[in-house]
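Beneath this line is the structure, given in structure tokens, with notes to follow.
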Amino acid sequence: PKPKNRTGRLGGVARKQATGLPGLSEPQTVRHYMRLSQKNYAIDLGLFPLGSCTMKHNPRLNEKLARLPGFADIHPLQPQATVQGALELIDELATWLKTLTGMPAVAMSPKAGAHGEFCGMMAIRQALVARGEAETRKRV
């Protein structure tokens with residue numbers, strides 16, 4: 001069957017020249033995009049590097065808020081008096097999460113990536129100190 005005449009829907013607008021795009025069949029197009037997809041790193045193609053758990057989509061709004069003055073340059077070792085705004089935000093988020101889920105408490109600890117690993121190492125260190133087993137010498 002002949003295709004319907006669609007010129008009326010476009011108000012008579014038509015291309016004056018070809019688009020310059022190749023005319024490919026569906027299988028050719030699928031093969032092209034499959035080849036492109038294989039150039040990407042994927043978890044089912046090999047080991048994921050350390051920190052992979054933090055490789056995720058971050059909405060632009062979240063990134064914008066994280067760069068606000070008072071949040072962007074916080075350092076883990078700076079005095080607590082200088083990070084009260086951030087701590088208040090964390091506490092408010094915890095309150096909202098408890099309210100929304102009906103749970104009595106939520107953990108706001110780091111969960112993944114280098115931050116989570118560092119916190120885990122600090123917790124292990126403190127446990128060893130508490131048991132009197134902390135050593136400060138290096139072994140090779």
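One table, with the values for the structure above:
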item	result
Residue 73 in a loop (DSSP other than H, G, I, E, B) and either modelled with pLDDT of 80 or more or in contact with a helix residue (DSSP H, G or I) (Cβ under 8 Å, 6 or more places away or on another chain) (or both)	yes
Unique match (being basic (Lys, Arg) and surrounded by 11 or more Cβ atoms within 10 Å (Cβ to Cβ)) among 139, 125	125
Which numbered condition residue 35 fails, given (1) at pLDDT 85 or above; (2) within 18 Å of residue 115 (Cα to Cα); (3) among the basic types (Lys, Arg)	(2)
Count - residues of the stretch 110-131 that are at pLDDT 90 or above and not in a helix (DSSP H, G or I)	1
Options 86, 107, 81; residue that is at pLDDT 85 or above, assigned to a helix (DSSP H, G or I) and under 26 Å from residue 117 (Cβ atoms)	86
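For (1) of a type in the set (A, V, I, L, M); (2) under 27 Å from residue 72 (Cβ atoms); (3) within 20 Å of the chain's Cα centre (by Cα), each residue gets a yes or a no:
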{"site": "85", "(1), (2), (3)": "no, yes, no"}
{"site": "96", "(1), (2), (3)": "no, yes, no"}
{"site": "99", "(1), (2), (3)": "no, no, no"}
{"site": "103", "(1), (2), (3)": "yes, no, no"}
{"site": "127", "(1), (2), (3)": "yes, no, no"}
{"site": "139", "(1), (2), (3)": "no, no, no"}
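The values are calculated or read from the model by the stated rules, or taken from the named source; none is laboratory data. It should be emphasised that the depicted structure is a prediction, and the values quoted were computed from it without experimental measurement. For neighbour counting, all protein chains shown are included, and Cβ atoms are generated from backbone atoms with ideal geometry for every residue, glycine included.
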